[in-house]
Every structure is written in structure tokens, then in C-alpha cells.
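Accompanying notes for the structure given below.
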Amino acid sequence: MDFYTQISEYYKDIFPLNKAQVTFVKSYLDKGKTTKSMLDIGCSTGDLSVELYDYFDVIAAIDTNEEMLEIARANNNKIDFKNISMLDVDTQFPSNTFDFVLCFGNTIVHLQNNNEIELLFQKVKTILKPNGKFLFQIINYDNVLDNNLKELPTIENNRIKFERYYNIDQNNMIDFSTTLTIKTTGEKIISSIKLFPARKQQIEQSLLKAGFENIISFSSFNKNEYSKNSLPLVFECY
């Protein structure tokens with residue numbers, strides 16, 4: 001079973017809506033105006049798109065996990081939630097379509113190499129309007145690799161416990177292994193997926209090649225100054 005299918009039923013318990021993401025996006029909007037369009041790449045259960053619904057004239061949201069998309073569609077049937085790979089965005093949306101493209105939740109590093117990441121950035125640049133912005137977030141893999149981090153902070157509440165582990169394989173990919181414990185039943189769901197640990201400099205070089213001239217990085221959605229020891233890595237590109 002697919003990694004995200006295994007955890008889809010409990011995804012909202014693991015990753016509830018991050019209000020800081022909402023505030024971050026809204027900080028780029030003109031107050032009182034909604035004549036904007038947005039694409040949410042890797043939308044999962046759609047909470048971010050639903051929360052931003054009133055601030056945009058047009059929202060499209062994509063993911064490749066049908067179980068999570070069904071949850072998203074149940075949340076808001078006016079948003080266009082589609083099962084589309086991030087590398088197919090240019091075939092599904094015309095050039096110069098969106099004012100904003102979002103990609104949060106460490107989605108980009110599910111691509112398997114730097115060439116794929118560079119290709120994605122080129123496609124995003126194509127579907128953005130001339131003055132459009134690309135806002136995205138990944139884990140800061142300079143911190144992970146340089147400090148040999150073996151795990152991410154455990155997520156725990158009264159319903160679940162979600163443990164997350166990193167292991168670098170012989171091809172310098174990350175085996176991202178998780179254990180999800182359902183507290184009401186004691187059931188454990190163990191999953192694993194490969195991630196490509198892209199460093200900040202690699203990301204920036206790929207963005208420049210794709211035609212993004214302005215690249216700003218932060219260590220949080222609160223726009224804190226970038227630190228090599230931070231865990232989040234957030235980008236504003238245009």
C-alpha cells in the first residue's frame with residue numbers, strides 16, 4: 001500500500017492546518033482584492049486550499065493520492081482538486097495561468113533527483129503569470145546532512161503518535177521511515193518512502209536555471225532569517 005494511503009485516514013491528526021502557512025500566503029495578497037489565482041501542489045487533504053478559498057478567485061489543487069483527494073473534495077466541492085503529478089502541471093494548466101503556486105509540506109523532495117527538481121521549477125515558471133510568485137517549503141537538508149540528524153521531532157496528541165526517522169542509503173537518498181500509533185486501538189502503521197535530500201544551494205541553482213531571478217529564503221513561515229541549523233526551509237521566488 002502507498003505510504004500516504006496508509007496514513008490518509010489519520011493525516012489531519014498528524015498534520016492539522018498550519019495557521020502560519022495561511023498567514024504567510026496572505027502576507028503577499030493585496031488587502032480587499034481577490035482577483036488572484038492559486039495552484040496548491042501536494043495539497044493532501046486540502047486544508048490549506050480550503051482555508052484560503054475566500055482570498056482567491058480561482059484555486060486549483062493537486063495531489064497523487066486519491067484517498068486524500070476524496071477527503072479534500074468532501075471539505076470543499078468548489079475547489080478543483082485533481083489527481084495530477086507535480087511534473088505534469090504544464091500539460092494540465094496553460095502558460096501564465098497562476099498568480100501564486102504553493103508547494104508546502106516537504107513535497108518537492110519526493111522527486112528522486114536534482115534533474116527532476118529543476119524540471120519542476122521550469123514547469124512552475126511556465127504556468128506562473130509574469131509577476132507570479134512561487135512559495136514553497138522543504139526540510140533544511142543542510143542541517144540534516146551536516147549534523148547527521150537521524151530523526152525528526154515526534155508528533156503526538158491524544159489520538160496519535162507519529163515517529164519519524166531518517167537513514168541515508170548508499171545512493172545518498174533518505175529512507176524516511178515512520179511509525180504511526182493509533183492510541184485508541186494500539187495499532188501501529190509502519191511505512192517507508194525514499195526522499196531526495198536537496199541542499200539549499202542545489203535548490204537555488206535550479207531556481208535560477210528555471211528563470212527565477214529573485215530568491216528569498218526563510219527559516220520559518222514567520223519569515224525568520226535563514227539559519228543553517230533551522231529545520232524548516234521556506235522560499236519566496238519570482
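Read the figures in this text as sums done on the coordinates, not as results from a lab. The shown structure was predicted, so the numbers you read here are calculated from the model rather than taken from an experiment. Note that each Cβ is placed from the backbone with ideal geometry, even for glycine, and that neighbours are counted across all protein chains shown.
Which of the peptides 196-209, 134-147, 74-87 is most tightly packed, and how do the rest follow, going by the mean number of other Cβ atoms within 10 Å of each residue?
Working: 196-209: 17.2, 134-147: 19.9, 74-87: 15.4.
The densest-packed peptide leads the list: 134-147, 196-209, 74-87.
Is the shape of region 46-189 rounded, prolate or oblate, going by the alpha carbon gyration tensor and its root eigenvalues a ≥ b ≥ c, with a/c under 1.5 for rounded and a/b larger than b/c for prolate? Please report the intermediate quantities before stating the final value.
Details: a/c = 2.27, a/b = 1.29, b/c = 1.75.
Oblate, because a/c is 1.5 or more while a/b does not exceed b/c.
Determine, from the Cβ-Cβ distance of residue 77 and residue 156 and an R0 of 35 Å, the FRET efficiency 1/(1 + (r/R0)^6), rounded to the nearest 0.05.
For R0 = 35 Å, the calculated efficiency reads 0.60.
Per DSSP helix of 4 or more residues, -39500 (n - 2.57); summed, then divided by the residues of the chain. What does that give at 222 nm, rounded to the nearest 500? Please list the in-between numbers first.
Details: 9 runs with 66 residues, N = 238.
Roughly -7000 deg cm²/dmol at 222 nm, from the helical runs in the chain.
Quick check: Cα centre of region 21-70 to Cα centre of region 115-142, how many Å?
16
Taking the Cα-to-Cβ direction at residue 70 and at residue 28 and moving 7 Å from each Cα, how far apart do the two end points lie in nm?
Each label point is offset 7 Å from its Cα along the Cβ direction, giving 3.3 nm.
For a label point 7 angstrom out from the Cα of residue 213 toward its Cβ, which stretches of region 94-111 have the backbone nitrogen within less than 20 Å?
96-101
Charges at C-beta only: +1 for Lys and Arg, -1 for Asp and Glu. How large is the resulting dipole of the chain about its Cα centre, in Debye rounded to 20? Write down the numbers at each step before the final one.
Numbers: 25 positive and 31 negative charges, 106 e Å.
Using only the charged Cβ atoms, the result is roughly 500 debye.
Work out how much length residue 169 to residue 222 would gain on full extension: take 0.36 nm times their residue separation and subtract the Cα-Cα distance, in nm to one decimal.
That pair, residue 169 and residue 222, stretches by 15.8 nm at full extension.
Just to verify a number: FRET efficiency for residue 185 and residue 17, C-beta to C-beta distance, R0 = 25 Å, to 0.05? Intermediate values should be presented prior to the final figure.
Working: r = 25 Å, r/R0 = 1.00.
Efficiency computed from Cβ-Cβ geometry: 0.50.
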